[in-house]
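Read through the structure below, which is laid out as structure tokens, and then see the notes.
Quick note: the coordinates plus some simple rules give every number you see, no bench work behind them. No experiment lies behind these values; they were computed from the predicted model shown. Every residue, glycine as well, gets a Cβ built from its backbone with ideal geometry; the counts of neighbours run over all protein chains shown.
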Amino acid sequence: MKNKKTVFVDKQYKLTRNVAPLSFMLPTRHTRRFPLLHFDESNGTNRELRYARNQKSPFVDEQDGNALLEPVIFEDGFLFVRKEDQVLQQFLHYHPLNGKKFIEVDKAKDASEIVDQLLIQADALTEAKKLSIDQLENITRVLFNTDVARLTTSEMKRDVLVFANSNPQDFLDICNDPELKIMGTVQGFFDKGYLAYRKSKSEVWYNTPTNKTKMLNVPFGADGLDLSVSYLQSDDGLEVLKYLESL
């Protein structure tokens, strides 16, 4: 079997942070201030790196004494390296800042990730448009902790669609959460005044025509809604849940 022929290609690199400087000069030789070393797994040694266009290797131990050093500069956050400059491509591959300060641009991977994100976004918007009024109210309560009685259906749809568009995966996770319905229902009890917080939300009280007693305490740092949901789903709270739903 013939060995697969190596294909040399032009490569582009970009700085990893979102706001790139107009120009950035990459360290190209080993110094005490910035050690430019690559750990060689084959022999367990640190090998010094240095970029010199007139050399055949980015490793100092494989270079001769006539190295001509050149700067490596990212312009507007990008660096283009032609296939003929294999030493620079290798130097960038082994550079300690590869993956931290800069990465190689993978157009196919980037395009695939964008497609995946757009498909998730489309799925989220489709799910948002399919919501019934009850589901829309539940999601609005859970997402925004809002009294839905004060909102029109159009306002709820707008807010939910905007959230689904901006946070598609979070929205789909919420839609698939089996706890969503009960969380929306219990939040509705608070919105309608059947349940109420007291003492800076450290207690949850019943507030129905026939019951004004305390339901539970909310420890510091805990969420009153989560605790209420848990209690109303427990054996002790199921009858109370049925009663509140009947009001």
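Within region 178-247, DSSP assigns beta bridges of which about 100% are antiparallel (rounded to the nearest 5). Here the average projected area of the convex hull drawn through the C-alpha atoms of region 178-247 stands at 4.7 nm².
Please report, to two decimal places, log10 I(q)/I(0) for region 1-149 at q = 0.10, 0.13, 0.20 Å⁻¹ as given by the Debye formula with identical point scatterers on the Cα atoms and no solvent. Ignoring solvent entirely, the Cα scatterers give -0.56, -0.74, -1.29.
How high is the FRET efficiency between K130 and E104 when r is their beta carbon distance and R₀ equals 35 Å, given to the nearest 0.05?
0.30
With both bridge residues required to lie in the chain, what share of the DSSP beta bridges run antiparallel, to the nearest 5%? Expressed as a percentage, antiparallel bridges in the chain total about 95. Amide hydrogen proximity for T16: with H placed 1.01 Å from N in the peptide plane, the residues at 5 or more positions away or on another chain lying under 5 Å are F102, I103. Compute the whole-percent fraction of alpha carbon pairs in region 97-247 spaced more than 28 Å apart. Roughly 37 percent, rounded to a whole number. The trypsin sites (Lys or Arg not before Pro) of region 91-140 that meet both conditions, a loop assignment by DSSP and at most 10 other Cβ atoms within 10 Å of the site Cβ, are K100.
Once you have the alpha carbon radius of gyration of region 106-177, what is it after dividing by 2.2 N^0.38 Å, with N set to its residue count?
That ratio works out to 1.25.
Do any of K157/K242; K5/K101; K157/K181; K181/K242; K130/K157 go past 21 Å between their Cα atoms, and which? Beyond 21 Å between Cα atoms: K157/K242; K5/K101.
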